[in-house]
Amino acid sequence: MTERSDIRDAAIRAMLPIAADEGWNWGTLRAGLAAIGEDPALAESHFPGGPVGAVAHWIDLADREMEAAAAAEDLAALRVPARIRRLVELSLRATAPHKRALRRAFSLLALPWNTPVALRTTAKSVDAMWYAAGDTSADFSWYTRRATLAGVYGATLAYWLRDDDPEVEDALDFLDRRLADLARLGKRRRAA
């Protein structure tokens, strides 16, 4: 689990505009700490996982913010697919101002030696979404739901990140098509 602290959260928020231009590196981490009045020399202390650890912390922070935004809404009134769509939408809209920083973060996570972190953060994000959607499954469907959402969410993010436009409407249309595909697949499987 990512070690959480207010200093890390504040530093990550300060790093986002820097990471958009400079990427996720030690200079970005030090600049983010300096921006919040912390000693930049403590970058290794605050982010022992380095730039990859900072990206993982940002994803954790974004998940927590998505969960808080979801808790402020009445998601229980929605059907499960609509809940998932809304959670992905909340995530995209919150990240939209930092789309370039996200692209840089994914470039870092795409390096082969960062695969464990990429898989771990993806698993945590989709688990946070299912938790926020009210999922209480404890059987095999717990795994299949998360694996399915990981594929749909990952594809939606890849579609959205294909350009610099911060608007999310095209990505949400893409998501709607993927969710409709899943619904059709589920109907065929039940009919068989």
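The values are calculated or read from the model by the stated rules, or taken from the named source; none is laboratory data. In this text, all values refer to a predicted model and were calculated from it rather than measured experimentally. Positions of Cβ are backbone-derived with ideal geometry, glycine not excepted, and every protein chain shown enters the neighbour counts. For the accessible areas, the whole protein counts, side chains as well, though only heavy atoms, and no ligand, DNA or RNA atoms are used. Shrake-Rupley method; radii C 1.70, N 1.55, O 1.52, S 1.80 Å.
Quick one: which of Thr95, Thr121 is part of a helix (DSSP H, G or I), open to solvent by less than 40 Å² (accessible area, probe 1.4 Å), in contact (Cβ under 8 Å) with a residue 40 or more places away in the chain and not hydrophobic (A, V, I, L, M, F, W, C)? It would help to see each step written out before you state the result.
On the way: Thr95 fails: in contact (Cβ under 8 Å) with a residue 40 or more places away in the chain.
None of the others qualify; the one that does is Thr121.
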Output the number of the condition that Asp170 fails; it satisfies all remaining conditions of (1) within 15 Å of the chain's Cα centre (by Cα); (2) surrounded by fewer than 16 Cβ atoms within 10 Å (Cβ to Cβ). (1)
Could you please give the count of residues in region 152-182 that are in contact with a Pro (Cβ under 7 Å, 6 or more places away or on another chain) and part of a helix (DSSP H, G or I)? 1
When (1) at pLDDT 95 or above; (2) surrounded by fewer than 19 Cβ atoms within 10 Å (Cβ to Cβ) are applied to Ala105, the one that fails is (2)
Apart from one, (1) part of a loop (DSSP other than H, G, I, E, B); (2) more than 23 Å from His57 (Cα to Cα); (3) open to solvent by less than 70 Å² (accessible area, probe 1.4 Å) all hold for Thr144; the odd one out is (1)
Looking for something more than 19 Å from the chain's Cα centre (by Cα) and of a type in the set (S, T, N, Q) - is there at least one such residue anywhere in region 38-53? yes
The one condition in (1) open to solvent by 70 Å² or more (accessible area, probe 1.4 Å); (2) under 22 Å from Asp6 (Cα atoms); (3) in a helix (DSSP H, G or I) that Glu67 fails to fulfil: (1)
Of the numbered conditions (1) over 20 Å from Ala62 (Cα atoms); (2) of a type in the set (Ser, Thr, Tyr); (3) exposed (fewer than 13 other Cβ atoms within 10 Å of the Cβ), Thr115 satisfies every one except a single condition; which is it? (1)
From (1) farther than 17 Å from Thr95 by Cβ; (2) surrounded by fewer than 12 Cβ atoms within 10 Å (Cβ to Cβ), pick out the condition that doesn't hold for Asp163. (1)
